[in-house]
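The values are calculated or read from the model by the stated rules, or taken from the named source; none is laboratory data. Note that the structure is a prediction, hence the values are computed from the model and not measured. Don't worry about glycine lacking a Cβ; one is built from the backbone with ideal geometry, like all the others, and counts go over all protein chains shown. Heavy atoms of the whole protein, side chains included, go into the accessibility calculation; ligands, DNA and RNA do not. Shrake-Rupley method; radii C 1.70, N 1.55, O 1.52, S 1.80 Å.
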Amino acid sequence: MESFEKPKDGDVIIIEPLNSIVFDGKTISGKRVSCKLFGGFCDCGGVMYQKAQFKNGKYGILVSECEKCWKNKALVFSGDGKVKSKLDVRVVDRSTISDFIRSVLSPSEFQALLSKASGETYSYTTFSRAKKKLENMGIDVDKILGLF
C-alpha cells in the first residue's frame, strides 16, 4: 500500500475512481482509453498501453501503464503535438483514495469529511475548509463523499 505525502508542485497523480489527474496542482477530468492502444516503451523494457487522456488548455496529457512492471507514465504534449515531457505518475485507486485525501487535508478536516460521509455530526466550519481546499484543487467533494 502506497503512503501518500502531501502533493508537491510537479507531482502528477492519477485519481482512478474520479477519472482525473492532478497536474500542476490542479485536477483535470479526462477519459479512459477503452481499448488496448500502444503507449510507448517502459524503462524496464515492457510495452506501455494507454490508460487515460486529459486536456489541459494548452497541453494534452496521455497516461500509459506498463504491462510488465505496472508503472504509470504521463506524456505531456504541447499544442503543436510535440512531446514536451515524460513524467512519472503516482496512482490513487479505490484502496488508497482516503490516504490521498488525508495527505491533502488536516486531520480535523479529514475527520469532518468522514463524519459528513457517514451521516454523523461534524463541524460545519471545518468541513467548509476541507471542501474549499479540495475544490481549489478541482476535486468535486460530492464525488469524494460518495467514495467514502
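Brief remarks follow.
- Residue in segment 68-87 that is under 19 Å from Cys35 (Cα atoms), of a type in the set (Gly, Ala, Ser) and surrounded by 12 or more Cβ atoms within 10 Å (Cβ to Cβ) present: yes
- Only one of Ser64, Ser128, Ser118 that is of a type outside the set (Val, Ile, Thr), surrounded by fewer than 12 Cβ atoms within 10 Å (Cβ to Cβ) and either farther than 17 Å from Val12 by Cα or at pLDDT 90 or above (or both): Ser118
- Restricting attention to segment 88-105 and to residues that are modelled with pLDDT of 90 or more and among the basic types (Lys, Arg), the residue that is least open to solvent (accessible area, probe 1.4 Å) turns out to be Arg90.
- Of all residues in segment 43-61, those satisfying the criterion of being open to solvent by 10 Å² or more (accessible area, probe 1.4 Å) and either among the basic types (Lys, Arg) or farther than 20 Å from Ile28 by Cα (or both) are Asp43, Cys44, Gly45, Val47, Tyr49, Lys51, Lys55, Lys58.
- Sole exception among (1) in contact with a Lys or Arg (Cβ under 9 Å, 6 or more places away or on another chain); (2) under 13 Å from Gly39 (Cα atoms); (3) modelled with pLDDT of 90 or more for Phe54, by number: (2)
- The lone exception for Thr27 - which of (1) open to solvent by 30 Å² or more (accessible area, probe 1.4 Å); (2) touching a Ser or Thr at 6+ places or on another chain (Cβ under 7 Å); (3) under 22 Å from Ile139 (Cα atoms) it fails: (1)
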